[in-house]
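Notes follow the structure.
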Amino acid sequence: MSILDKRAALKAEIDKVAEVAGYLWTKGWAERNGGNITINITQWVDEGMRELPAITEPKPIGTTLPRLKGCWFYCKGTGRRMRDLARRPMENGSIIRILPDCAHYEIVADAPVAPTSELPSHLSVHDYLLAKGSPYRASLHTHPIELVALTHSPKWMEKDVATRMLWSMIPETKAFCPRGLGMVPYMLPSSVELADATIRAIDEDYDVVMWEKHGVFAVDTDIMSAFDQVDVLNKAAQIYISARNMGFEPDGMTDAQMQELSQAFGLPK
Ligand code: 13P
Ligand code: ZN
């Protein structure tokens with residue numbers, strides 16, 4: 001890829017981040033500074049960018065991530081609002097690179113905006129994805145109202161109980177979120193324990209995992225696709241809740257209908 005192509009590709013990814021940040025705000029999933037986004041941009045970093053000096057001292061990631069040596073990321077800034085990032089992504093986020101010790105990062109551009117407090121989870125997941133040879137380069141944490149509400153009942157926290165209900169609300173859910181919804185019990189936000197539990201859940205073969213009573217963490221090839229998976233799942237949760245609000249438990253698609261759908265779309269499980 002030429003330098004110009006790399007720059008255009010990188011701009012396109014940051015533009016997508018800004019677009020998704022706007023959707024998160026309009027959906028009501030991004031109160032105050034809620035949620036965060038990181039993108040592994042290493043493939044689009046050109047020789048000119050590689051020469052850029054750091055604009056901050058090295059800071060600890062909080063964990064050591066051997067696959068991230070020399071990797072570059074766009075990160076939402078901690079405390080920054082999605083609604084501001086939607087208009088000014090480089091003022092409300094920054095570009096960091098991981099140092100050779102794989103335990104520290106430094107900010108390279110544009111401004112010294114400290115990355116999200118959920119950096120341990122985001123970077124641990126990127127490290128895991130690289131180890132797996134995954135093409136996924138984007139990770140999204142957000143606070144979707146109906147999905148978070150579900151996690152306040154132990155029933156929905158049981159493995160794949162919410163997945164089955166959500167898939168059965170509307171056929172597109174399984175078609176467009178075929179791996180379902182993993183569940184991570186409550187842990188302190190921004191902790192390394194939460195990062196480790198998130199990886200364990202993703203390793204069970206989920207693209208989207210719930211953090212109990214907090215939010216979702218989703219991964220995909222790009223940020224638009226990660227957003228789409230969460231959007232599809234939350235829509236299914238809204239349909240369930242709408243039926244309950246109308247005074248009945250929704251039937252859901254039958255097992256036979258789900259099987260037929262899985263066969264027709266070549267879906268797993
Ligand atoms: P940051 O502002 O540090 O990204 O935190 C938001 C959040 O949702 C933490 O879980
Ligand atoms: Zn959060």
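Values quoted throughout were computed directly from the atomic coordinates according to the rules given, and no laboratory measurement underlies them. Keep in mind the model is a prediction, meaning the values are calculated, not measured. Methodologically, a virtual Cβ is constructed for each residue, glycine included, from the backbone with ideal geometry; neighbour enumeration extends over all protein chains shown.
On a 0 to 90 degree scale, rounded to 10, what angle separates helix 255-265 from the longest Cα axis of the chain?
Rounded to the nearest ten degrees, it is 40.
If you line up the Cα atoms of segment 170-261 on their principal axes, what length do they span on each, largest first, in Å?
Result for segment 170-261: principal-axis Cα extents of 40, 29, 23 Å.
Rounded to the nearest 0.05, what FRET efficiency do T64 and F265 have when you use their Cβ-Cβ distance and R0 = 51 Å?
Plugging the Cβ-Cβ distance into 1/(1 + (r/R0)^6) gives 0.80.
May I ask you to compute the full-extension gain from H104 to E193, defined as 0.36 nm times their residue separation minus their alpha-carbon distance, rounded to one decimal in nm?
30.2 nm
Rounded to the nearest angstrom and ordered from largest down, what semi-axes does the equivalent ellipsoid of segment 222-269 get from its C-alpha gyration tensor (root of 5λ)?
With the √(5λ) rule applied to segment 222-269, the semi-axes are 23, 20, 5 Å.
Mean residue ellipticity at 222 nm from the helices of the chain, using -39,500 (n - 2.57) per DSSP H segment of n ≥ 4 over the full residue count, to the nearest 500 deg cm²/dmol?
The per-residue figure over the chain is -12500 deg cm²/dmol.
Between F176 and A149, what is 0.36 nm times their sequence separation minus the Cα-Cα distance? Round to one decimal in nm.
Residue separation times 0.36 nm, minus the Cα-Cα distance, leaves 7.5 nm.
Work out, step by step, the length gained on full extension between M1 and K213: first 0.36 nm times the residue separation, then minus their alpha carbon distance; give nm to one decimal.
72.0 nm
Could you give me the ³J(HN,Hα) list for segment 48-56, computed from phi with Karplus coefficients 6.51, -1.76, 1.60 and θ = phi - 60°, whole Hz, x at Gly and Pro?
Karplus-based 3J(HN,Hα) across segment 48-56 equals x, 5, 4, 7, 4, x, 5, 10, 9 Hz.
Read phi for every residue in segment 87-102 and hand back ³J(HN,Hα) as whole Hz from Karplus 6.51 cos²θ - 1.76 cosθ + 1.60, θ = phi - 60°, with x for Gly and Pro.
Along segment 87-102, the couplings run 9, 9, x, 8, 9, 10, x, 8, 9, 10, 10, 8, 7, x, 6, 6 Hz.
Averaging sequence separations of C-alpha pairs under 8 Å and six or more residues apart, then dividing by the length of segment 136-230, give the relative contact order as a whole percent.
It rounds to 42 percent for segment 136-230.
Taking K11 as the anchor, which aspartates and glutamates have their alpha carbon closer than 15 Å to its alpha carbon, excluding any fewer than eight residues away along the same chain?
E19, D46, E91, D110, D222
What is the Rg over Rh value, at two decimals, for the chain, using alpha-carbon atoms and the Kirkwood definition of Rh?
0.99
Could you pull out every residue, at least 5 positions away or on a different chain, whose amide H is within less than 5 Å of the one on M183? Hs are placed 1.01 Å off N in the peptide plane, and Pro or chain starts have none.
Answer set, sorted by chain and number: M210.
Pairs K69/K132; K27/K235; K174/K235; K132/K235; K132/K213: which are spaced more than 18 Å apart, C-alpha to C-alpha?
The answer is K132/K235; K132/K213.
Going by how many other Cβ atoms sit within 10 Å of their own, how do T63, T116 line up, fewest first?
Lowest count first: T63, T116.
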